[in-house]
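As structure tokens, the structure follows; a few thoughts come after it.
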Amino acid sequence: MLKLKELLSLVFLASSLMLSGQNEDFSYFQEKYKGNTAVNSLDKTIVNIKLDKKKGISIQVEEEARKIFLKDNAAQFSKDYITFSEHFKLGDIEVYSLIPNGDKYKKEKVKEFSKKTEFSPGIFHNGSESINFFYPSLSKGSVAVAKYSMELSIPQLMSSFYFSSYYPTELREIVINVEAGIELDFSYQNASDEKFKPTILTTRKGKTYTWKVRDIAPVSIEDNSPSSLYFSPHIIPRITTYETKEGNVQVLGGIQELYNWYSSLVKETNKEPSENLKEIVDSLLLGEDDDLEKIKRIYYWVQDNIRYVAFEEGMEGFIPDDAASVCDKRYGDCKGLSSILYTMINYAGLEAYFTWVGTRNRPYRYEEVPTPIVDDHMILSFKYQDQFYFLDGTSNTNPITEPTSFIQGKEVMIGINEEQFQIETVPVKSADYTKYVDTLRVSIGENASLEGHGQVTLSGFYASRIKSLVKLRNTDELEDFMESYLEKGSNKFELDTFWISNISDREANLKIDYKFHIKDYCRINGEEIYVNLSLNNIYTNANLKKDRKTPYSVKFKSSFKSVVILDIPEAYELSYLPKTQSFEKEEFGCSMKAVSSENKIIQNIEEYDNFLILEKESFGDWNNMIKSLRKYYRESVTLKKV
């Protein structure tokens with residue numbers, strides 16, 4: 001479900017085919033878009049929505065994309081593809097290159113096409129395929145042209161149309177022709193400007209909506225950005241109703257119609273009881289009376305015994321697999337895992353609810369975007385003592401009180417029964433919930449080495465994440481992982497030994513005890529020893545560029561604490577301590593402090609991130625905090641011989 005819906009959006013976006021090139025005037029494009037590799041001279045979509053008395057709604061999509069190459073490396077971009085699926089059936093294709101030939105262009109058609117099954121990241125199989133090809137003879141000034149048509153088989157799945165792509169666009173044109181008797185509505189995202197308003201032509205045959213937008217900047221791709229859906233302008237059309245002889249047919253008039261469609265899909269599953277699952281539930285709950293504990297046992301059993309494997313084909317992208325099938329296979333996608341949880345909890349005599357949710361990649365709310373594009377994930381909800389709990393079977397380490405990090409703050413649609421639903425919001429965990437605490441006791445060894453032992457304590461999402469990563473590794477892989485994860489001070493860090501506590505206890509903090517040494521770490525100058533106690537230099541490279549265009553995004557709110565206790569060697573005394581510093585804002589902050597006590601020096605560095613998305617107006621303060629941290633990291637404790 002997660003990736004299939006992304007595919008449906010991408011088919012309309014056709015981002016890999018944002019080809020363009022009004023090739024009659026290369027010099028015009030070269031001058032106007034100086035510095036760019038290519039420009040979309042034209043990106044045109046025509047949608048024809050008709051009413052077929054036998055088939056119902058018919059949706060035909062025609063795409064024309066023209067891209068002109070402005071640099072000598074055009075041949076590097078010869079490979080391209082068109083994606084389609086059972087729901088988006090590919091029709092006619094015409095793909096060719098226009099090659100400069102004096103003051104004219106020579107047309108070279110693509111003659112060879114290959115078809116292959118597509119595998120999206122995180123998806124074992126999603127039922128999509130692609131037609132792959134190479135544009136022939138591309139060079140500077142060439143134009144890549146693709147024209148193709150598609151037919152959409154399910155009207156609820158009509159998806160977004162995007163104005164921008166990964167290249168600048170000279171002209172983006174979207175035309176939607178709607179036959180009389182069919183009603184449309186639109187949701188606009190990042191497209192409130194006047195230039196994104198359509199012209200509407202109404203005749204007795206229907207309506208034509210036309211968008212013509214020029215000079216569109218490319219989508220910015222920057223590290224740690226939210227999904228481009230947060231800032232890329234796009235429209236989301238939906239068919240609300242259409243007329244038949246029997247009366248009006250509701251499609252997606254609003255949130256109730258969306259839920260009605262979803263409800264019709266989930267009721268097709270789990271029609272036959274599973275004696276095997278009943279026996280498993282009975283054995284798990286033997287002697288247990290507390291309802292929360294019952295659900296906890298079921299949830300943790302599913303996490304331990306059913307693997308998350310996203311396998312989606314056709315309507316499997318929307319309809320949950322039967323619980324018995326998931327149990328027999330010992331794997332399932334997000335819907336299959338929700339299905340087995342739902343069934344097992346019902347066998348326990350308790351109530352749970354199928355729940356739809358958009359991950360944080362999707363910035364939409366159900367009331368604003370009542371179409372399947374609003375969400376891309378399924379979980380299970382249950383209510384205990386007036387509080388909703390959100391169970392996500394795709395995670396194998398989250399405790400029952402912890403939602404997966406990628407749905408924090410998002411609306412969920414909870415299916416109460418066939419007709420009724422409830423909209424709730426997944427809580428956002430505070431920075432204090434997810435902590436990384438590293439406590440070290442160190443001493444100065446031979447040859448200016450630093451030796452010590454430490455304990456890392458992880459809570460919240462840090463604990464869940466590392467528990468999951470540790471479980472995936474064998475002994476050799478785990479040693480390499482821990483060496484990298486615990487490294488500090490310098491690249492001469494060597495991990496001597498480590499042991500991990502609470503790896504299988506979802507509800508306990510993860511603890512990693514370890515011993516280490518760092519060769520040649522201390523600096524000795526005559527009778528003085530310099531020791532930099534800032535061994536965990538977090539955010540050293542986290543400065544945000546002034547020209548950054550997109551917000552800065554993190555997976556979860558968190559806090560960090562580093563405590564380093566240095567034993568002052570005999571015959572030495574403290575000569576210099578770094579000055580205390582702090583930087584505090586509502587969204588983030590840090591403090592750095594070192595004190596001496598009983599032949600020891602104790603340095604404490606703390607930092608917190610109290611945001612999920614940091615907007616550009618906060619970048620200046622963020623960079624000032626990073627500057628403070630960097631300055632402190634350069635400071636060393638000075639010890640002087642008595």
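The values are calculated or read from the model by the stated rules, or taken from the named source; none is laboratory data. This structure is a prediction, so every number in the text was calculated from the model and none was measured. Because the Cβ atoms are built from the backbone with ideal geometry, glycine has one as well, and the counts that use them run over all protein chains shown. Accessible surface is based on the protein model in full, side chains and every heavy atom, while ligands, DNA and RNA are left aside. Shrake-Rupley method; radii C 1.70, N 1.55, O 1.52, S 1.80 Å.
Has region 244-259 got at least one residue that is hydroxyl-bearing (Ser, Thr, Tyr) and closer than 21 Å to Phe318 by Cβ? First the steps, then the outcome.
As a first pass, look at region 244-259 and keep what is hydroxyl-bearing (Ser, Thr, Tyr): 244, 259.
From the residues that got through so far, the ones that are closer than 21 Å to Phe318 by Cβ too are 259.
The answer is yes, given that some residue of region 244-259 is hydroxyl-bearing (Ser, Thr, Tyr) and closer than 21 Å to Phe318 by Cβ.
Restricting attention to region 208-261, report how many residues are in a loop (DSSP other than H, G, I, E, B) and under 30 Å from the mean Cα position of the chain (by Cα).
Number satisfying all stated conditions: 18.
Could you look through region 285-297, keep only residues that are part of a helix (DSSP H, G or I) and without any contact (Cβ under 8 Å) to a residue 40 or more places away in the chain, and pick out the one that is surrounded by the most Cβ atoms within 10 Å (Cβ to Cβ)?
Among those that are part of a helix (DSSP H, G or I) and without any contact (Cβ under 8 Å) to a residue 40 or more places away in the chain, it is Arg297.
This table checks each residue for (1) free of Cβ contacts under 8 Å to residues at least 40 places away in the same chain; (2) under 30 Å from Lys335 (Cβ atoms); (3) surrounded by 13 or more Cβ atoms within 10 Å (Cβ to Cβ).
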position	(1), (2), (3)
Arg172	no, no, yes
Gln189	no, yes, yes
Arg204	yes, no, no
Asp215	no, no, no
Ile221	no, no, no
Pro233	no, no, yes
Ile236	no, yes, yes
Glu243	no, no, yes
Glu257	no, yes, yes
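For every residue, the table says whether it meets (1) of a type in the set (Asp, Glu); (2) open to solvent by less than 50 Å² (accessible area, probe 1.4 Å); (3) at positive phi.
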position: Asp496; (1), (2), (3): yes, no, no
position: Trp499; (1), (2), (3): no, no, no
position: Glu507; (1), (2), (3): yes, no, no
position: Lys511; (1), (2), (3): no, no, no
position: Phe516; (1), (2), (3): no, yes, no
position: Asp520; (1), (2), (3): yes, no, yes
position: Ile524; (1), (2), (3): no, no, no
position: Val531; (1), (2), (3): no, yes, no
position: Asn536; (1), (2), (3): no, yes, no
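On the basis of being among the aromatic types (Phe, Trp, Tyr), in a strand (DSSP E or B) and either open to solvent by less than 60 Å² (accessible area, probe 1.4 Å) or in contact with a helix residue (DSSP H, G or I) (Cβ under 8 Å, 6 or more places away or on another chain) (or both), does Phe619 make the cut?
no
So Glu275 ticks every box in (1) under 26 Å from Ala348 (Cβ atoms); (2) in contact (Cβ under 8 Å) with a residue 60 or more places away in the chain but one. Which box is left unticked?
Going through the list (1) under 26 Å from Ala348 (Cβ atoms); (2) in contact (Cβ under 8 Å) with a residue 60 or more places away in the chain, Glu275 breaks only (2).
Determine, yes or no, whether Leu486 is surrounded by fewer than 20 Cβ atoms within 10 Å (Cβ to Cβ) and modelled with pLDDT of 95 or more.
yes
Show the residue pairs that are 6+ apart or on different chains and have beta-carbon atoms under 6 Å apart, the first residue being within region 597-616 and buried (at least 19 other Cβ atoms within 10 Å of the Cβ), the second being of a type in the set (Ser, Thr, Tyr).
Ile605/Ser562; Tyr608/Ser559; Asp609/Ser558; Leu614/Tyr552
Give me the residue from region 376-412 that is among the charged types (D, E, K, R), open to solvent by less than 10 Å² (accessible area, probe 1.4 Å) and touching a Lys or Arg at 6+ places or on another chain (Cβ under 8 Å) and, out of that set, modelled with the highest pLDDT.
Glu402
Tally the residues that are closer than 13 Å to Val110 by Cα, among the β-branched types (Val, Ile, Thr) and assigned to a loop (DSSP other than H, G, I, E, B), restricting the search to region 127-155.
Qualifying residue count, region 127-155: 0.
For region 529-539, does any single residue satisfy the condition of being within 29 Å of Ile613 (Cα to Cα) and either basic (Lys, Arg) or not in a loop (DSSP other than H, G, I, E, B) (or both)?
no
Do you know which of the residues in region 413-445 that are more than 20 Å from Leu341 (Cα to Cα), among the polar types (S, T, N, Q) and part of a strand (DSSP E or B) is most open to solvent (accessible area, probe 1.4 Å)?
Here the residue is Thr425.
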